[in-house]
Each structure stands twice: as structure tokens, then as C-alpha cells.
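The values are calculated or read from the model by the stated rules, or taken from the named source; none is laboratory data. No experiment lies behind these values; they were computed from the predicted model shown. In this analysis, Cβ positions are derived from the backbone assuming ideal geometry, glycine residues included, and neighbour counts consider all displayed protein chains. For accessibility, only protein heavy atoms count, side chains too; no ligands or nucleic acids. Shrake-Rupley method; radii C 1.70, N 1.55, O 1.52, S 1.80 Å.
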Amino acid sequence: MNKKVIVATLFTLVLLKVLVVSLSNKKIRDEREDKISKRKQEALEDIKKGNFFILTHGFPDFAFLIYQKPFVDKFGFKYKDMGCSGDFEGMDSIYNYQVVEYLTSRNGKNWYQKFLNSKDSIYEIYLKLDNDSLKKSFTEKDIESIY
């Protein structure tokens, strides 16, 4: 075979491979954009209904969550634990972003920093408490009021 034919064949194969990968990546991108759009819409609908959350992952410390509840109430949201397995696609971050944007428009620009500062103060007090007796004093109703 002549060199030109071999080079042309290799070039065509590489071009076809690039085209196939590009088309497959477009499909993946489109699917991801659709998931993002749906998760964003879900957050906006929850906000409109007044039933929205900041989504968390991992095993929650119920006593601490109950102890910080007045501050959570003050800023107007609830936590919702999504389990221990995590959100591998990042869709919960899309939901949380919409909720934080709404809370910022409602509570003011620095609301989250104020919340974190109050949360840090509470955490310092919480660490000094006897956690076992504190946890025993909470009822299921207390835990449900957070989530």
C-alpha cells in the first residue's frame, strides 16, 4: 500500500473516533443539563410552596440540630438529610444553590455568615454539654421539627 492511502485511512479513522466521542459527550451533556434543569425547577417549586430545605448528607447529630433549631427558624429553612451515600452527580448542590439564592434575597446579603457565626457559638456551648443526657432528653417530635 502506498503511504498516502495509509495516512488517509488513519486520518479518517481518527476523525470518525473524534466524531463518535463528540456525539456521545453531547448526549451525556444534554442528559446532565436536563437533570440540572429538573432539580432547579424542583427547588423553585418547593420555594414557591414555602416547603424548601437545605439538603445534607451523612448521619446527623440530632441533638446539635435541635439545639440550633431557633437559628434555623430565624433564617427560615429546614434541613433534609439525604442519607449517607452522598450525591455523586451534584444535583443536591443545584437544589441548595437555588434555596440559598432565595434566602439571600429574603434575609439579606450576609445572612449565611450570620447563621454560621451563630452556629459556631452554639457548637462551642454544645461541646461543653453532656451529650448523652442531652440526646436522651429529645423526643421524636423534636427531631421531626428539624426535618
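The residue that is farthest from Lys74 (Cα to Cα), among those in region 113-141 that are open to solvent by 90 Å² or more (accessible area, probe 1.4 Å) and either small (Gly, Ala, Ser) or modelled with pLDDT of 80 or more (or both), is Gln113. Can you work out which of the residues in region 69-96 that are of a type in the set (A, V, I, L, M, F, W, C) and not in a loop (DSSP other than H, G, I, E, B) is modelled with the highest pLDDT? It comes out as Ile94. In region 46-68, the residue that is nearest to Gly90 (Cα to Cα) out of those that are open to solvent by 50 Å² or more (accessible area, probe 1.4 Å) and at pLDDT below 75 is Asp61.
Of the residues making up region 89-108, one or more are in contact (Cβ under 8 Å) with a residue 12 or more places away in the chain, more than 18 Å from the chain's Cα centre (by Cα) and more than 29 Å from Ile28 (Cα to Cα). If you go through region 32-52 and keep only what is farther than 17 Å from Ser105 by Cβ and either part of a loop (DSSP other than H, G, I, E, B) or in contact (Cβ under 8 Å) with a residue 60 or more places away in the chain (or both), you end up with just Asn51. Note on region 28-45: among residues that are open to solvent by 80 Å² or more (accessible area, probe 1.4 Å) and not basic (Lys, Arg), the one that is modelled with the lowest pLDDT is Ile28.
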